[in-house]
Amino acid sequence: MKYADLVHDQLNALLHMSPFVRLLGITVQHVDLESERFEFTLPMHDQLRRLADSNQLHGGAIACLADTAAAAAMAVIVSGPVPTLNLSVDYLRPAVKTSLRAVAMVRRIGVVDVEIFSERGELLAIARSTVGSMIE
């Protein structure tokens, strides 16, 4: 087993320790340690719709995916959990009847950019997260 595969499996296990992440259904799909890029998915399901009669995904679910992806990616890089200090999300188009794919790119220690795509590869949102060290 390659080291990236081990990190992938451990990261999925870590994510699923969170009841909220399990509820959303976020999973790690790909880990590229060399480029510090991480891919995550969020399946579309009824509980995440913006309105009961809408096929649009709620923007909060998109933000949660971006936040989770950024914190998880940075946790791998710094070998430990990190809290989000700031999250900015720019929504480019609505997520309609689609699962999501997030690509988290570590820019430097403490800064992660996340791109959110539809199943069809449309860029739906761009996020930047600033994460810090755990303070006790």
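Just so you know, all these numbers are worked out from the coordinates, no wet-lab data involved. Predicted, not measured: the structure shown is a model, and the values here were computed from it. Cβ placement follows ideal geometry from the backbone for every residue including glycine, while neighbour counts extend to all protein chains displayed.
Would you mind computing, in nm to one decimal, how far apart the modelled labels at Ser18 and Glu122 are, each placed 7 Å from Cα along Cα→Cβ?
Each label point lies 7 Å from its Cα, and together they span 2.7 nm.
So for the pair His30, Val78, with labels modelled 7 Å out along Cα→Cβ, what separation do we get in nm?
2.6 nm
How much length, in nm to one decimal, is gained on full extension between Thr130 and Val111, taken as 0.36 nm per residue of separation minus their Cα-Cα distance?
Working: separation 19, 0.36 × 19 = 6.84 nm, distance 0.48 nm.
So the chain would gain 6.4 nm between Thr130 and Val111.
Using label points projected 7 Å from each Cα along Cα→Cβ, tell me how many nm separate Tyr91 and His58, to one decimal.
With each label point 7 Å from Cα toward Cβ, the separation is 1.2 nm.
Based on a Kirkwood Rh over C-alpha pairs, give the Stokes-Einstein translational diffusion coefficient of the stretch 1-54 at 20 °C and viscosity 1.002 mPa s in µm²/s.
On the way: Rh = 12.6 Å.
Estimated diffusion coefficient is 171 µm²/s.
Suppose the Debye formula is applied to equal point scatterers at every Cα of the chain; what is log10 I(q)/I(0) at q = 0.19 Å⁻¹?
The Debye formula, applied to the Cα set alone, gives -1.06.
Check which residues have an amide H placed less than 5 Å from Leu124's amide H, if you skip close sequence neighbours.
Ile116, Phe117, Ser118
Report the full-extension gain for the segment Arg50 to Val7: residue separation times 0.36 nm, less the Cα-Cα distance, to one decimal in nm.
Numbers: separation 43, 0.36 × 43 = 15.48 nm, distance 3.34 nm.
Extra length from Arg50 to Val7 when fully extended: 12.1 nm.
Show the residues, 5+ positions off or on another chain, whose built amide H is closer than 5 Å to the amide H of Ala95.
Placed amide hydrogens put Leu57 under 5 Å from Ala95.
When only Cα pairs under 8 Å and 6 or more residues apart are kept, what is the percent relative contact order across the chain? Write down the numbers at each step before the final one.
Numbers: 270 pairs, mean separation 29.8, N = 136.
Relative contact order of the chain: 22 percent.
Using Cα atoms only, what is the angle between the long axis of helix 59-78 and the major principal axis of the chain, expressed in degrees (0 to 90) to the nearest 10?
Result, in degrees: 10.
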